[in-house]
Amino acid sequence: MFHYYIHFFFICFGVLASCCKNSSFYQDTMKRADGNRAELDGVLYHYREVDPNPEKLSAAKYLIKNLAAHYSYMGNEIQDYYDYAALILKDTSLKPEQQRDSLLEKTDLKYSSLADKTIYDAQIIKAKYLIDNIDKSYNAWKNYPWANHLSFDDYLEWLLPYKGVELQELDSWRDTLYSHFGEKMNSQFKNDVEYETTVGMAEKIRNNIFQNIGRYGLYTRSGLPLLNSYLLPRQTFGDIQDYALLAHLSFRASGIPSVIDETPVGARDIAASRWFVILSDRGQELASEWDVSTLIGGSFFPYERGPKVYRRTYEINSERKKYYNNARWIYPFDLFHKDVTSQYYLDSDVYLNLKKCTRSKLKDKYVYIASAIRINQESQAVIAGLPDYPGWKIVDFGVIKGKKALFKNMGREVLYLALGYDGNSLIPLDNPFILHKDGSLEFILYDTVKSTSLDMWKNNNNTIRP
């Protein structure tokens, strides 16, 4: 259908290059796309010649510029797995635990290495798919009362992206999820106070999801995540991450601005690892109190303490991209995380004085900060060379400035350990320390870290899926 775009390849290539010539992200996308470049240029041609619209063209450039690092499963194996999952979920004689265990057994038996078989979206995505997503999201932004309060930049972040998480199948999820959960938005009475408000419409969808999916929390490993639009609303089991993703995608499918926030460690274990947030027409970012079982915008874990909260974005984090390009030792930080810690916790920039003997050992300007994990959690030392007890998880990186190590926006009331690279492994920069509520630092001796008296400063380990 889009073969005629190939004839305009060089024209569009010049247009995009002139707009993005200083963008290394654009260059990365074009290198990754290789034989698929005509599809990307086809999208630009469409919004210049077929449907000339400057805002849609800018949205297309935004998607293409940040396309380079997004990825999906490669080949047909994942569809085989999804077909099997569909059969299991249709079998009403099986309890949710049995369905979960069947998928787990199948994963371990036949698909255990599938998560490593990925391909960049730039190499496979089609012009038709991107155009369809742009058109549907743009129509919602311009025509739905619960979305047209968004600025253009808000639209790019909260509504436009063609996927919510990595490995999500490139299918017609907007249409599918809207047909499942969005159609009841039309049943509101015009005299209702929440009529056509963002929160009112989001509550309609949230409640519809909760009433129809038979929420059944199973917080143990369940095989590969079910990331296509047919299976997502049919999954009879799941954890908070599954429910948060389903709500998030269902909101966007219905034109409700939504994002996902998550934390690498949390005081309440898996329950607080990922949640959805909507942007209301009063300009408020309203988080889910728990999952789809609770009202939107309730009290978000007022007792929760943690080191970091990250927002999952479509846009590549430029600081992390720079880190990947320059660090001598690489920790697998997510390129699509934006730090929003200060929106949830009282936080501080932490400056650690480095002893001369320590500075002389370091071979990199990048340093790392780890959060203490409760011993009863499944965890291990972050890298060989640390003390021989488990219990640390890296949550961010910082930089050396002069004689100090700087870590930005660290959540308070947490026990931390700072680390640096000596050319072979990570080494502690100093003793562990508590960042107290008033912003002060209290250093702790290594032989006291395992004490249960320090548990209140520790967190539970979360396994955040893509």
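The values are calculated or read from the model by the stated rules, or taken from the named source; none is laboratory data. None of the values given here were measured: they were computed from a predicted structure. Cβ sites come from the backbone with ideal geometry, for glycine too, and all protein chains shown count toward neighbours. Side chains included, ligands, DNA and RNA excluded: accessible areas come from the protein's heavy atoms. Shrake-Rupley method; radii C 1.70, N 1.55, O 1.52, S 1.80 Å.
Summed over segment 207-230, the residues that are of a type in the set (A, V, I, L, M), over 10 Å from Asp242 (Cβ atoms) and assigned to a helix (DSSP H, G or I) give a count of 1. Checked against the criterion of being out of contact with any helix residue (DSSP H, G or I) (no Cβ under 7 Å at 6 or more places or on another chain), free of Cβ contacts under 8 Å to residues at least 12 places away in the same chain and not β-branched (Val, Ile, Thr), segment 113-126 has at least one qualifying residue. The test for being more than 16 Å from Ile240 (Cβ to Cβ), assigned to a helix (DSSP H, G or I), modelled with pLDDT of 90 or more and touching a helix residue (DSSP H, G or I) at 6+ places or on another chain (Cβ under 8 Å) holds for Lys321. Tell me yes or no: at least one residue of segment 328-343 is surrounded by fewer than 19 Cβ atoms within 10 Å (Cβ to Cβ) and part of a strand (DSSP E or B). Yes, segment 328-343 contains a residue that is surrounded by fewer than 19 Cβ atoms within 10 Å (Cβ to Cβ) and part of a strand (DSSP E or B).
Of the residues that make up segment 347-362, is at least one open to solvent by 60 Å² or more (accessible area, probe 1.4 Å), of a type in the set (Lys, Arg) and closer than 25 Å to Asp153 by Cα? There is no residue in segment 347-362 that is open to solvent by 60 Å² or more (accessible area, probe 1.4 Å), of a type in the set (Lys, Arg) and closer than 25 Å to Asp153 by Cα.
Suppose the filter is modelled with pLDDT under 95 and surrounded by 17 or more Cβ atoms within 10 Å (Cβ to Cβ); does Ser379 pass it? Lay out the reasoning, then the answer.
Values: modelled with pLDDT under 95: yes; surrounded by 17 or more Cβ atoms within 10 Å (Cβ to Cβ): yes.
When the stated conditions are applied, Ser379 passes them.
Checking the condition in a loop (DSSP other than H, G, I, E, B) and within 20 Å of Ser371 (Cβ to Cβ), which residue from Gly306, Gly255, Gly283, Gly298 passes? The match here is Gly306.
Every condition in (1) touching a strand residue (DSSP E or B) at 6+ places or on another chain (Cβ under 6 Å); (2) modelled with pLDDT of 90 or more; (3) crowded, with 16+ Cβ neighbours inside 10 Å holds for Asn462 except the one numbered (2). Asp447 falls short of the stated requirement of being open to solvent by 10 Å² or more (accessible area, probe 1.4 Å), in contact with a Lys or Arg (Cβ under 9 Å, 6 or more places away or on another chain) and not basic (Lys, Arg). Please verify whether segment 241-259 includes one or more residues that are within 28 Å of Met456 (Cβ to Cβ) and at pLDDT below 90. Looking through segment 241-259, at least one residue is within 28 Å of Met456 (Cβ to Cβ) and at pLDDT below 90.
To keep it simple, each residue is scored yes or no on (1) over 23 Å from Asn325 (Cα atoms); (2) at pLDDT below 95.
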site	(1), (2)
Lys365	no, no
Val399	no, no
Tyr416	yes, no
Leu445	yes, yes
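Where helices (runs of 4 or more DSSP H) fall entirely within segment 47-162, those with at least 1 residues that are more than 24 Å from the chain's Cα centre (by Cα) are at 54-65, 77-90, 96-110, 127-143.
Of all the numbered requirements in (1) assigned to a loop (DSSP other than H, G, I, E, B); (2) surrounded by fewer than 20 Cβ atoms within 10 Å (Cβ to Cβ); (3) within 27 Å of the chain's Cα centre (by Cα), Asp28 misses one, and that requirement is (1).
Considering only residues that are buried (at least 16 other Cβ atoms within 10 Å of the Cβ) and without any contact (Cβ under 8 Å) to a residue 60 or more places away in the chain, which ones fall in segment 66-100? Lay out the reasoning, then the answer.
Restricting attention to segment 66-100, the residues satisfying the condition of being buried (at least 16 other Cβ atoms within 10 Å of the Cβ) are 66-73, 78, 81-82, 84-85, 88-89, 96, 99-100.
The answer is Leu67, Tyr84, Ile88.
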